[in-house]
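Data block below; observations after.
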Amino acid sequence: MCKKNAYSIVHFATNHRFCSFMQCLFYVSLRRSMKTHTFRSKPEFIAILVIAFFCFMAANCHSPSAKAADVKESSTPESPKPGDEKSANTDAAAMPNIDKVKVADPKTILARPEVPILCYHQIRDWKPTDSKTAQAYIVPPASFEEQMKMLADSGYHTILPDQLYAYLNEGTPLPSKPVMLTFDDTDLDQYTVARPIMDKYNFKGVFFVMTVSIGRPRYMTKEQIKDLSDKGHTIGSHTWDHHNVKKFQGQDWVTQIEKPTKQLEAITGKPIKYFAYPFGLWNHEAIPELKKRGMIAAFQLYAKRDEQDPLYTIQRIIVPAMKPASLYKAMNQSFSYK
């Protein structure tokens, strides 16, 4: 066997993992020795064979572990990228299991500092036909963008109702500088304008849906509502047609609360547990009716929380087209969480 052919065998065999490099090299060397060396005695030849055998066994002992390592490496699933792992685990880690939360007594709940909760309606530019009253409920996209940037730059983190519920009842820790963004009335611009801006800052929100408007012009569709829910936002109930809760009688509780709740659950595939009072107005008669229909908390506007049912009178403030500095001031004046 010529030198060129011998080392070709070594190269081919090791590249294809038929045997280890040491095994091949020893085999070629032995073949060359046997062809060029004349043994002077039989014992000498036997001695070489014995040495060759032990060398071969020593080299072969390392092969199985190397092969096992290769198999282990090839059979291990691809590890998730650091960013993917974070995005996959963040929501699961942050969201408490509400089913296990024990409801605290009113005094305990009222003693906890109030988290800033902002209420938005329409996110669009003003029209000449918009009255001064209407303008208070309309935030131009540029102003909304400024407000979201201020929150992000100031270190605020958005939270969702499940987190607030666990915090109020059990004191479950919240992210630093928590804030809740809520949207009423199902306006389409909440999905097409507000949502993309919130996405820029990794913010999540709560969308209180008035079901009579679903699919109508300028309002969200079932598919858009489900998309919000699927992407980590919370969907809540805002009655069927924005009827004042203080005027509910008899069958109104079924029409305005029960049926909309079932409709939203069918759309999202998730329980609907949170309610926002139309106009922010509530009364004591509404609370047991909400409890009977599966609501575990409800949101009103501006008034102090009720001393007997603070979970059903959680305060929010309406956000108009104010400057970021003014919003920051309003948040600190209205809410005690620091």
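Only the coordinates and a few stated rules stand behind these numbers; no lab work does. The model shown is predicted, which means the values in this text are computed figures rather than measured ones. Please note: Cβ atoms are built from the backbone with ideal geometry, for glycine as well, and neighbour counts cover all protein chains shown.
Excluding Pro116 itself, what net charge comes from residues whose Cβ is under 13 Å from its Cβ, given Lys and Arg +1 and Asp and Glu -1?
Taking every Cβ under 13 Å from that of Pro116, the sum is +3.
Please list, short to long, the whole-number percent of alpha-carbon pairs of region 87-334 in consecutive 10 angstrom bins beginning at zero.
7, 32, 39, 20, 2, 0
Stokes-Einstein at 20 °C, 1.002 mPa s, Kirkwood radius from Cα pairs: D for region 207-251 in µm² s⁻¹?
My calculation gives 184 µm²/s for D.
Summing Lys, Arg as +1 and Asp, Glu as -1, what charge do residues with Cβ under 14 Å from the Cβ of Tyr337 carry, Tyr337 excluded?
+4
For a Förster distance of 41 Å, can you work out the FRET efficiency between the beta-carbons of Gln251 and Met95, rounded to the nearest 0.05?
That pair, Gln251 with Met95, gives E of 0.70.
Taking the Cβ of Leu290 as the centre, find all other residues whose Cβ is under 13 Å away and add up their charges (Lys, Arg: +1; Asp, Glu: -1).
After counting each charged neighbour, the total is -2.
Could you work out the per residue convex hull volume over the alpha carbons of region 226-338, in cubic angstrom?
With only Cα atoms used, region 226-338 gives 131 Å³ per residue.
What's the exposure ranking of Glu223, Glu170, going from fewest to most Cβ atoms within 10 Å?
Ordered by Cβ neighbours within 10 Å, fewest first: Glu223, Glu170.
Go through region 223-296 and name the trypsin sites (Lys or Arg not before Pro) that are in a DSSP coil and have 14 or fewer other Cβ atoms within 10 Å of their Cβ.
Within region 223-296, the qualifying trypsin sites (Lys or Arg not before Pro) (loop, at most 14 other Cβ atoms within 10 Å) are Lys231.
Dipole size in debye (nearest 20) for region 224-338 around its Cα centre, Lys and Arg Cβ +1, Asp and Glu Cβ -1?
Here the size comes out at about 360 debye.
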